[in-house]
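The values are calculated or read from the model by the stated rules, or taken from the named source; none is laboratory data. This one's a predicted model, so the numbers in the text were calculated from it and none came from an experiment. So basically every Cβ, Gly included, is an ideal-geometry build from the backbone, and we count neighbours across all protein chains shown.
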Amino acid sequence: MAKLERTEKPMNVLLEELKTGELGLPEIQRGYVWYRPQVRDFIESMYKEYPCGLILLWKPPAILLEKVQLREFLINKENIPSGKNPSFLVLDGQQRLTSLMKVMEAATDIAFNLVDETFQVYSNKLKNNPQWIKVSKIMNQGAIASWLEIKSKDGLGLDDNTALTRLSRLERIKEYRIPVEILHTDDYEEVTESFIRINSRGTRLREAELALARLAFYWPGAVSKHFEEAINEYERNFFIFEARFLMRCYVAVATNQSRFKSLTRIWESSDKELELHWKKTQEALDSTINFLRTNVGIESSEWIPAMNALIPLVVFYANHGEVVSEEEAKRLLFWFLSATIWQRYSGSAETRLDQDLAALRESGIDGMIRNMLKEVQDLIVDEGEIIVTYQRSAFLPLLFAIIRKNKSRDWFSGIELSSTNVGPNHQIELHHFFPRSVLKDCGEYSVSEIDDLCNIVFLSQKANRKVLNSPPKEYIKEFRIEPGRLESQYIPINPELWEIKNYRKFLQERRKAISAVMNRYLKEFGSEYMHR
């Protein structure tokens, strides 16, 4: 039977327990995720002595503690004896404890305005303003020493008593007394349930993260070891995934559906079965990444506008292994590109994922394409559909994929364009063929016209800097850019179209070329579906 003990502790006592290893973090917890404005608001709340919630700790029996997987707090571990196990595990309050620790150690700089008692995230623009003081300095140096240093600066207009009162109040944040509840139980499942109930309030945790907490209970090490190792490995290969995305893939592979509320089948599995589901998921995600690289030219997650579109690919490879016919690969490519450009998962993502996973299970890739045709009149790219700013365009990844297929080279270095090129000078940037500043100075074109998708080309960072503020007719001549390199990105070769006065004609011509090549590209893989 669980027992709940209620008490209060000053924040500095909790931080000391954190530093010395008395407090630990169970695997069911998230990593540190607070942004600096959240830290600022937390510090301000303590300064004003507002209620800041409570800290929930779990006091596990020693025999169970040995079985619980732990995460690492973001702290200096020099003071923690080797091999020491924590006495308490933090179930709720990790973000607040870590935030205060980061502020005190100046790892996150929050500034305090001594005159109007406001707080800001510190930036260099506050550096020379004597009204703004780093909170970390007051906490570590003390109110009196800080005021003696600040007092020598003119212009504050504060008397000693007012200034010291405010600085002392800020310093006392360390002594802020916060309610602490200690859960005494030897039932880890009960602890997991408590964690989920606490974090289900409001929108603090998403369903995927709550499912991760359950997985950590049923399969210790899944999140802190297997998921995080995979995330680090994918990042090294230019694909940035979050744990909740991996969890959605895991659920889809294990259950053939995407909803986190229907996971009874998973939780009834043995440790071995849970591990097999993960192995199958990871292998399928590996295959998906290799498919995108080799068949589409997508070499990093930067060019994937909707991560949900990867999930049916992962499930497909999980069910097919490495035996995929040429025809299946073509249809899969057609479906993925179409789902991306027509924004299949831009709304009601979970419902559409379930529809597509059911179709994939019952009638294969063709079933998923038919699902899309129920909502998209046809799958042909019209010129009018790509009249859109590049920032909002779902067609940008497809354009990049086509240009990668052309083996387009940088206009200056001659190096083939790739999102995985080494060195900052060779990283791909989006460049306005007619530079933004040139069109703005002309005064004839709207912002949406200037940022039109068809004014965007792909160049290395170094090349982009070279042509930053020159009209195209000038920089093409000055840098002797070869016509073939322009044509590989569907730039009209007629020099008259490179003149500012003919910008709208340039857009029309390039839009015609881009829509035509997109349709040719898509027809290679699914011509029977592209009809009026």
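Quick notes
Residue by residue, here is whether (1) among the charged types (D, E, K, R); (2) in contact with a Lys or Arg (Cβ under 9 Å, 6 or more places away or on another chain); (3) in a loop (DSSP other than H, G, I, E, B); (4) in the same structural domain as Arg36 (by TED's automatic domain parsing) holds:
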position	(1), (2), (3), (4)
Thr98	no, no, no, yes
Met101	no, yes, no, yes
Thr108	no, yes, yes, yes
Ala111	no, yes, no, yes
Ala145	no, no, no, yes
Ile150	no, no, no, yes
Gly157	no, no, yes, yes
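- The single condition from (1) within 30 Å of Ile428 (Cα to Cα); (2) crowded, with 21+ Cβ neighbours inside 10 Å that Ile403 fails is (2).
- Once the stretch 27-75 is narrowed to residues that are aliphatic (A, V, I, L, M) and at pLDDT 90 or above, the residue that is farthest from Val180 (Cα to Cα) is Val39.
- Any hit, the stretch 355-364, residues being under 28 Å from the mean Cα position of the chain (by Cα), free of Cβ contacts under 8 Å to residues at least 12 places away in the same chain and farther than 18 Å from Val296 by Cβ: no
- Restricting the stretch 102-127 to residues that are charged (D, E, K, R) and closer than 24 Å to Leu164 by Cβ, the residue that is modelled with the lowest pLDDT: Lys127
- Output for the stretch 299-354, where each listed residue is assigned to a helix (DSSP H, G or I), without any contact (Cβ under 8 Å) to a residue 60 or more places away in the chain and hydroxyl-bearing (Ser, Thr, Tyr): Tyr317, Thr340, Thr351
- Failed item, numbered, when Lys134 is tested on (1) among the charged types (D, E, K, R); (2) under 32 Å from the mean Cα position of the chain (by Cα); (3) at pLDDT below 85: (3)
- Filter result (over 25 Å from the mean Cα position of the chain (by Cα) and buried (at least 16 other Cβ atoms within 10 Å of the Cβ)) within the stretch 270-294: Leu274
- With respect to the stated conditions, Ala2 is modelled with pLDDT under 85 and in contact with a strand residue (DSSP E or B) (Cβ under 7 Å, 6 or more places away or on another chain).
- The set of residues in the stretch 394-415 that are within 28 Å of the chain's Cα centre (by Cα) and either farther than 20 Å from Trp335 by Cβ or assigned to a helix (DSSP H, G or I) (or both) comprises Leu396, Pro397, Leu398, Leu399, Phe400, Ala401, Ile402, Ile403, Arg404, Lys405.
- Among residues of the stretch 442-457, those that are at pLDDT 90 or above and surrounded by 14 or more Cβ atoms within 10 Å (Cβ to Cβ), counted: 10
- Qualifying residue in the stretch 331-339 (condition: over 28 Å from the mean Cα position of the chain (by Cα) and surrounded by 14 or more Cβ atoms within 10 Å (Cβ to Cβ)): yes
- Residues satisfying the stated conditions in the stretch 365-385, i.e. farther than 26 Å from Phe260 by Cβ, without any contact (Cβ under 8 Å) to a residue 40 or more places away in the chain and assigned to a helix (DSSP H, G or I): Asp366, Arg370, Gly384
- If you go through the stretch 387-403 and keep only what is closer than 13 Å to Phe458 by Cβ and out of contact with any helix residue (DSSP H, G or I) (no Cβ under 8 Å at 6 or more places or on another chain), you end up with just Ile403.
- The requirement of being surrounded by fewer than 18 Cβ atoms within 10 Å (Cβ to Cβ), within 28 Å of Val90 (Cα to Cα) and in contact (Cβ under 8 Å) with a residue 24 or more places away in the chain is fulfilled nowhere in the stretch 154-162; no residue meets it.
- Looking only at residues of the stretch 244-269 that are small (Gly, Ala, Ser) and surrounded by fewer than 22 Cβ atoms within 10 Å (Cβ to Cβ), we find that the one that is farthest from the chain's Cα centre (by Cα) is Ser269.
- Members of the stretch 424-441 that are in contact with a strand residue (DSSP E or B) (Cβ under 9 Å, 6 or more places away or on another chain) and modelled with pLDDT under 90: Asn425, His426, Gln427, Ile428, Glu429, Leu430, His431
- Tabulated pairs, the stretch 213-232, first within 14 Å of Arg244 (Cα to Cα) and not assigned by TED's automatic domain parsing to the domain that holds Leu285, second at pLDDT below 80 and among the hydroxyl-bearing types (Ser, Thr, Tyr), C-beta under 7 angstrom, 6+ apart or interchain: Ala213/Thr192; Arg214/Thr192
- Checked against the criterion of being at pLDDT below 90 and crowded, with 17+ Cβ neighbours inside 10 Å, the candidates Ser146, Ser87, Ser99 yield just one match: Ser146.
- Segments classed as helices (runs of 4 or more DSSP H), wholly inside the stretch 428-532, with at least 2 members that are free of Cβ contacts under 8 Å to residues at least 12 places away in the same chain and within 25 Å of Arg392 (Cβ to Cβ): 436-442, 503-526
- Here Ala213 does not fit the description of being farther than 30 Å from Leu522 by Cα, surrounded by 20 or more Cβ atoms within 10 Å (Cβ to Cβ), at pLDDT 90 or above and in contact with a Lys or Arg (Cβ under 9 Å, 6 or more places away or on another chain).
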